[in-house]
Structure formats: C-alpha cells, structure tokens
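Please read the structure below before turning to the comments.
Values in this text are rule-based calculations from the coordinates and carry no lab data. Worth saying up front: this structure is predicted, and the values here are computed from it rather than measured. Don't worry about glycine lacking a Cβ; one is built from the backbone with ideal geometry, like all the others, and counts go over all protein chains shown.
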Amino acid sequence: MVMSLTEKRYLQECLISKPPLRPDGRNDDQFRPIEVFTDFLPTSNGSSKIVASDGTECVVSVKSKVVDRSLEDDLIVVDVDITGRRDDSPLVQEIASILNRVLLLQIDQEQLRLTQKYSFKLYIDVLVLSSYSHPLTLISFAIYSALNSTQLPTLISSEDDLDVAELPTFHDYDMSKLNIDIPIMFTLAVCGQNVIVDPASSESDVASNGILVTWCKGKVGAPIRTLSLNEEYTRGIHPDRLAESIRLIEILAPKVLQALDG
Amino acid sequence: MLNTTDRRRILGPANAKPLVFDRSSVPVEENQESAKKSSVSTGNDAIYIENGIVVNCNGSSYLEVRSRTNDKNCTLLLTSIYGPRPSRGAFNAKATLSVQFKEVTLEKIAAGQIKEICTFLTNVFNAVVNLERYPKSGIDVFLSLIHSSSGQQDFELESIITACVNGITLAFVDAGIEILDTVSAGMYKRNVTAFMKNGTEVVGFWKDDDEQSSSENILEIVEKCKEHYLTNRKTMIEFMVRNKNASD
Amino acid sequence: MSIDVLSVRKRQEGFQFVNELESDSDSDVEMANDEDKVDSGEVAKDGTIVTPGELVTDDPVWMRGHGTYFLENQTYASVAGTVSRVNRLLSVIPLRGRYAPETGDHVIGRIAEVGNRRWKVDIGAKQHAVLMLGSVNLPGGVLRRKSESDELQMRNFLKEGDLLNAEIQSLFQDGSASLHTRSLKYGKLRNGTFLQVRSPLIVRSKKHTHNLPGNVTVILGVNGFIWLRKTSKVDNASDASNVSGRNAATLSGASGDYKPGSNSVSITRLEEESSWEIYSDKNDPIPEAMKRTIARYSNVIRALAHCEIGITEARVVAAYEASMAYSHVGSLIDKDNMESIGQDVINAEKMRGNA
C-alpha cells in the first residue's frame, strides 16, 4: 500500500513510543482475530481455510499418497500459490522454500511410516487468495489447522512387509487421525525499541526490520532470521530485540496453539 | 547484417560493412593488481581479497575464504556491482537495490534457497546502503559463486552467506557507492549474523539449526558471531588501507 | 483486563450455502416474483430492491438513468440496488460498487501520478480524477500567478502517495472527475491517520468535516476515504463560524468563547499566512492520549462499517461513547464487540425515535 510521508511519520511515531500505539489499538503481543474453517474439501485428506480480519484469506489442502520409502527422500511437498503474484516471484519462491524446509526439518518422517516398506507422502497445497501483509504467519496457521484435521485411511494389512511382496491394504471407511508435531511460524516487526507480533501491512511498511521465528515441539526452533518487510525503513536492530522476540514467542506460542486447537 | 529492417532509423547504404578493429592494437588490461593482492590470515580462516577484477562493472571484489582447520572448506566468490544507473518506470525517491546470486560452476543449491539468500542479502543491504542519495536509480549486485565445498556436506550455506555479505561490502567500497558502515558478517556453527556500528547493531540474522534457540542462548550466539565479525572486518579494513597505500 | 492473544472462531462445516440457510426471508423473494410483480403501466416503488434483469417499469414515459437498460419499451434493472425516482428520471442505485463521482462531492484522494501541469488522483472511482495545477492554492496567497517554475516543482507541492481532500469541480464526458482545492478547508492532509470504508456507507450531507469530542477532526470523504486528525486552527475556525454564525474575523477556539485578541484567527488572515506550510510533510506534535483517541475513533468507524451502518457524525460520536465500555482500544477489533457497538448505536437511535 502506498502511504503519504505524513501518514508514515505519524505511524512510525506511534509505533516507536513505549508502549507501542498500534493503529488499531492492539497490544504488542496481540494478533488480529481469525476465522478457521476446517475439513471442508471432500477430495482431500485434510483442509483448512483461514480468514483474517483484514481480509487476507488462505486455503490449504493436504493430500496423501502411498510411496515406497526407498524411492522417495522427501515425504512432504509444499506448493504455494499467491494470487496476484507470479509463481517465480521472489516472495512466492521464498515462502515455498522456507515452508518446505521447515516441514521437512521439523516433522519426524517416521511418523508418516506405514509399513516397513511403504510410507505416506503428504502434498500440501497452499493458496493465498488475497494478502495485504506478509502472509507467512497466516499460511503456517492454516497448514497447522489443515494437518491437524487430516484423516488418513487405516491400515489393515500387516506392518511387516519386508519379505512379503504385498501392497498395503486399507480399511474401507475407517480413518485415523494424522498425529505429527507441526511447526508454526511467526513474523514479528521491530519498530525502534519495540517488537510487535502479526504486523499489519501499514505497520510492516514503517518497521525497522522483520524477524521470523519458528516454534516446534514446545520450543523455538530453526529457522530464525531477519526478514524483509519493507525497503524504505529497514535498518540495523539491537541484538536484544532478537532475544526479546524469541522470549515473546516463547510466551505466546503455547497460547496461540491453544487457541488454534480449542 | 547491418541492414536488417529497422524502419525507425535511417540506414546506411545496402552494401555497407561493419567496422572491424584490429584486435592486436587493443592494449591488454595489464595486471596492475599484483600490488593490491592481499592474503591475510586471521583466526581460523585465510582470506584472500582482490578488487576491480571485473572491468565493465562499477565495482567488484573477489574473495577466497579457506578454513585453516578444515582443508576442504573453501569458498570462492566474485561480486560485481552495476549502478547506480537510471531506472525506468515510476518515480522513486530512493534507489532500488537488487541482489542476484548464481553458481557459475556446479549448481548444488536449490532454486528456492537461492531466492531466500537473495532476499536476505537485499534486506541486509537495504539497511546499509545510503539509498536516499541515489533517487530514480537502480543498483544491481551480482554474486557469482565460483566454488564452495565443505568437509561433510557438499556445501555450507552459512559460510557462503558470510562470504556474500563481506564480498558485497568490499564491492560497494570499490564502486564508491555510499554505505553507512563497513558491514561484515560473522559465523558461529550454523548461525550467521551481519553487524554494523562496531557490533552494536544487527542488520541480518540467519539461523538454520535447532540448537541453542532459546532467548538466552541467542545473545550468546550473537556474541560468538561478533568475534568472527570483528576479525573479518579488521581483515577487510586492512586490505582497503593497504590497497590505498599501494595506489598512492 | 486481559486480552486474548489470538481470537479464533472455528467453523467445522466450512462454507455455508445460501439455499441451506434457514430464514424467513424466503417469502420475501417469493413475493417479489409473484404478488409484487410490476404490472403493466406500473413502476417499482421508490426504494424497492431490484436485481439485474428485473423489470422496473414498462411505461415508456420514464427517463432511464444509471443502473437501468431499455429493451422493447420496457425498462430493466442492470444492477442490484434500490430504485430511485427523481421527477421523471428512473435509476437504480447499486448497493455495492465503486464510487461514482458527482459535482460538489467532498472527497479524499491519493496522488497516483504527477503529470504535465496536473496530478492524477486516486479517489476510488473507476478512473483517476485530475487535479490541475491551476486548481490548487499555491504558497503565497490567492493573487499569486502560476509560473513555469511551479510546473517544474510540482512534486514539492504534492507527490505520489500524498493524501489530500478536495471538492469535485466538474465531471468529464467519460465520467472521470476534475478536482479543486481552492479553499482553506481543502488541501494536503497531515497530523492523522487514514482509513477506508465502502463508499455507499458515507451519507452525503452539507458538511463532511466534523470536530469530534477529544480534539479530533474527522473528514468523511463521500468516496469512502476517511481521515482522522488532530483538530487544527482552521477546523476550529470553520466550526465556530458554522455553529455561531459570527463574523469570521472575531472568532476564537472550538468552544466558541469570545476571547478578543487571544488565539483568534480569521480565515482571511490564515489565507494570507498560508505559505509553504500547507504543503509541509511534517506533523505537529500530537500527545499520546490523542493518538489513542484517534485509534479508538478509527476502530469504531470500522465497527460501523462492519455492521453496514451508514456513517454520520452523530453515529460516530454515539459509537465512540458506546465503545467506552471497552477500556482497551485493541479489544474493538473483535467481531462480537464490533457488532455489539453497532447494536448499541442502532438501539440508541430507536430510543430517540429517529431510526
């Protein structure tokens, strides 16, 4: 969004004051309200739709396939599509690459194992219908909800099939819930001495820098890195801000997960 | 060849021939850099720096980083900067910076990861280059990774990123583009931190493993990276001073 | 008061389909099809809701306005909206859609392009409006002549992204607008924050700049662009002249108290004093408390828009008072709270009997 100089100055002044005065009055640790729809796509194993209060919308579908473990290295593939952006645009490629790596790094592939030979492979398709601010937080919430609602067919054949040339067979209608640890990611904006979560697009436009923090298995994990939120106001930050944002996520992440699960 | 159909220009006669210059008469760019060459060894790394190798760009740097402890860990990186040059399109009060990364020999890094590195580096240098001084222009940074290897893995992304930050800073100095500080990066395990203002400000942080990710440990990592940053920066400044003295 | 970090609403079924909705409004639709059907020679009543393709009248005496089309002596609606009859002109005002500029509208716009002796301004309409260099006040007063040097430094007055409020001077043949800012109440916007609502929600009135309690001024642009700012001297002066109707030269502060000599600013003198300051990019110092008030106002206006309530000065003030039940401004982004504020505003109006 383009803003005039006076708007940016007013906003920046508000955000660097202690405590930060966000344009919609939120606390520094307050997210925008979201609406979550789960399990609405009949043809996928799990699905979710998240609508944020600013109109950002994200649909995630999870499909599974049985693969031979010896032939496939990566058991999770993420595909990202953002309307209005080309597939080869830096933002889309960056987000897809980060998500692929995080999910492969943080999800234990053993949890997808079906039998000695075979395993489930998950295809996660992400579609961002409209986005105003950096969509990573919302996408990761949507992936979390989708994977949490994923139902996979229940195996009825034997798990030990190393010596038998037998394909796994499934129960006709019984499904079992996918049970894995799912990482979530947070984008934070640094404004002067303040760190704020879930920056809106106008807040991102005047932020001094952005920080990406990942949360998995009850603790902060990789990747953690600085993130580009705008080109105009980017500057160096004090190392304490990094520690602060991680501390903030350490407090917030359990609450966020509780809200998403609740 | 000359008279292909270009209706917007007045063309020469049909039988015109293109000008051909005698190649032998062109003075070959003599290698004056011998004096500038500098191989400084600090801490665990041996760093070799050279400036101005690429002739047709506005600034360039060549960096060779070899680990003392691990013989196989070696990064060779060539950075060239084009600009500031006029940019087309809408009016822009500031210069726009673009960073492009390419592996010129073996392609080992995934395309998505390269994009991640590029946006990361762009973000770092957006904070460092004095972009207000160059309105309506674009500055393009091209990174050519000539070689990178490490012991266990095929490549080590973190040492490449560190080399990129240092290489780009040296190239900016060579191009005479205004930067706010001699930015340099330091590495500790699989963490990279880019600093400015003598290590008091972080302009880039990259962490790719799970270890020590709690809020207390982060500052420790930053401190460790800072040590490496200070030695790297010392090397770079020494090179620049020596370079200056040699040209005087 | 503790605030939820993240408020999540869960829906299990995903999408709701219209035909699955249980509602009493079914009968309304039926009625429109059968009993309420326009009979020959008749015309749909003023304010009736029509849908595209619906017959509005088959009486050819009506002039066909916007939102209608004419086929075989019959007039049909081409948009979903309400029927409006002005004398013999029949038109359908769309319920949604982009802002359609009209001469005299007070709008807020954002500079999209700086061109040759003119600015292109985004006012949320289908085309960019035009602001000619000759239609703005330049530093140095009214009698100043525009010179070539002004043409060369247009970006020093207004540049891309700048917000301004202006009046629609005239409309071109293609429906695009030409703006002017030749009054002190128009011009570049400073000291505040911007928000946007759908344009049909703004109720056209005589005045679109309102001084609200808490020393905050709101400009409700007819195009749905809204600016909230710290009340300025000009705002106070124009408000006082409006309220008391006194001679502009003897005006004082917003309260309307007459304090000779002190703080009294005349509009004419302001105009003389108008210098480069009217194009300044610097904000005045604004106290924290006022910024908080501005944030609260912007949240209650969003709440009104969320409840699809037309936005007027009285309703903004009423909603602001209703919002005081929530001490934390940030709790106003919650849907339930927004709806309860909307309900409060409607109830208050019903009580007073003007709903």
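Give the long-range amide H neighbours of B:S184: residues separated by 5 or more places, or on another chain, with amide H under 5 Å away, using H modelled in the peptide plane at 1.01 Å from N.
Placed amide hydrogens put B:F195 under 5 Å from B:S184.
Excluding C:R88 itself, what net charge comes from residues whose Cβ is under 12 Å from its Cβ, given Lys and Arg +1 and Asp and Glu -1?
Every neighbour counted, the sum reads +1.
Taking the Cα centroid of region A:6-83 and of region B:86-115, what is the distance between the two, rounded to the nearest whole Å?
Cα centroid of region A:6-83 versus Cα centroid of region B:86-115: 26 Å apart.
Go through region C:220-236 residue by residue and turn each phi into a ³J(HN,Hα) via Karplus (6.51, -1.76, 1.60, θ = phi - 60°); whole Hz please, and just put x for glycine and proline.
So the J values, rounded to whole Hz, are 9, x, 4, 7, x, 8, 10, 10, 10, 8, 5, 5, 9, 4, 5, 4, 4.
List the relative contact order of region C:53-207 as a percent without decimals, with contacts defined as Cα pairs under 8 Å and 6+ residues apart.
19 percent
How much space per residue, in cubic angstrom, does the convex hull of the C-alpha atoms of region B:37-247 take up?
So the per-residue Cα hull volume is 133 Å³.
At 7 Å along the Cα-to-beta-carbon direction for both C:S176 and C:H328, put a label point, then send me their distance in nm to one decimal.
4.8 nm
Within 10 Å of each Cβ in C:159-170, how many Cβ atoms from other chains are there, averaged over the peptide?
Across the residues of C:159-170, the mean count of other-chain Cβ atoms within 10 Å is 3.
Run lengths n ≥ 4 of DSSP H only: what is the helix-derived mean residue ellipticity at 222 nm for the protein assembly as shown, with -39500 (n - 2.57) per run over all residues, to the nearest 500?
-8500 deg cm²/dmol
Please list, or write none, the lysines whose alpha carbon is within less than 22 Å of the alpha carbon of B:K108, excluding same-chain residues fewer than 8 places away.
Correct list for B:K108: B:K72, B:K189, B:K207.
Is the shape of region C:48-94 best called rounded, prolate or oblate, per the rule: a/c under 1.5 gives rounded, else a/b larger than b/c gives prolate, else oblate, with a ≥ b ≥ c the square roots of the Cα gyration tensor eigenvalues?
It is oblate, given that a/c is not under 1.5 and a/b is not larger than b/c.
Once you put a point 7 Å from the Cα of B:N217 and another 7 Å from the Cα of B:L106, both along the Cβ direction, what distance in nm separates them?
That separation, rounded to one decimal, is 3.1 nm.
If a/c stays under 1.5 just call it rounded; otherwise compare a/b with b/c (prolate if a/b is bigger, oblate if not). Do that for region A:129-252, with a ≥ b ≥ c from the square roots of the Cα gyration tensor eigenvalues.
Prolate.
Using a ≥ b ≥ c from the Cα gyration tensor of region C:120-227 (square roots of the eigenvalues), is it rounded, prolate or oblate, where a/c under 1.5 gives rounded and otherwise the larger of a/b and b/c decides, a/b for prolate?
Oblate, because a/c is 1.5 or more while a/b does not exceed b/c.
Determine the shielding of peptide B:209-216 by partner chains: average, over its residues, the number of Cβ atoms on other chains within 10 angstrom of each Cβ.
6
For a footprinting-style exposure proxy, rank C:D122, A:D24, A:D87 by other Cβ within 10 Å, fewest first.
Arranged by neighbour count, lowest to highest, C:D122, A:D24, A:D87 become A:D87, C:D122, A:D24.
With respect to the cross-link table entries A:K177/A:K217; C:K159/C:K206; A:K63/A:K177; A:K8/C:K230; B:K115/B:K244; C:K185/C:K206, which display a Cα-Cα separation exceeding 24 Å?
In this structure, C:K159/C:K206; B:K115/B:K244 lie more than 24 Å apart at Cα.
Order of A:246-256, B:165-175 by packing, highest average Cβ count within 10 Å first?
Descending mean neighbour count gives B:165-175, A:246-256.
Which net charge results when you count Lys and Arg as +1 and Asp and Glu as -1 among the other residues whose beta-carbon is under 14 Å from that of B:D210?
+2
Give me the mean projected area, in nm² to one decimal, of the convex hull enclosing the Cα positions of the protein assembly as shown.
53.0 nm²
From the residues B:N217, B:T122, A:V66, which one has its Cα farthest along the dipole of the protein assembly as shown in the positive direction, the dipole being from +1 and -1 charges on Cβ of Lys/Arg and Asp/Glu about the Cα centre?
Toward the positive end, the furthest listed residue is B:T122.
Over the whole of A:93-101, what's the average partner chain Cβ count within 10 Å per residue? Rounded to a whole number, please.
So the per-residue partner count for this stretch is 5.
As an exercise, use a Förster radius of 56 Å and the Cβ-Cβ distance of C:A314 and A:D81 to find the FRET efficiency, rounded to the nearest 0.05.
That pair, C:A314 with A:D81, gives E of 0.75.
Residues with beta-carbon under 15 Å from that of C:R292, excluding C:R292: net charge, scoring Lys, Arg +1 and Asp, Glu -1?
That sum, taken over residues with Cβ under 15 Å, equals +3.
Order these by the 10 Å Cβ neighbour count, fewest first: C:S147, A:S202.
With the sparsest Cβ surroundings first, the list reads C:S147, A:S202.
Order by neighbour count: C:R117, C:R229, A:R69, B:R88, fewest other Cβ atoms within 10 Å first, most last.
Least crowded to most crowded, the residues run B:R88, C:R117, A:R69, C:R229.
Pop the C-beta distance of A:S157 and B:H147 into the FRET formula with R0 = 60 Å and round what comes out to the nearest 0.05.
My answer for the efficiency is 0.75.
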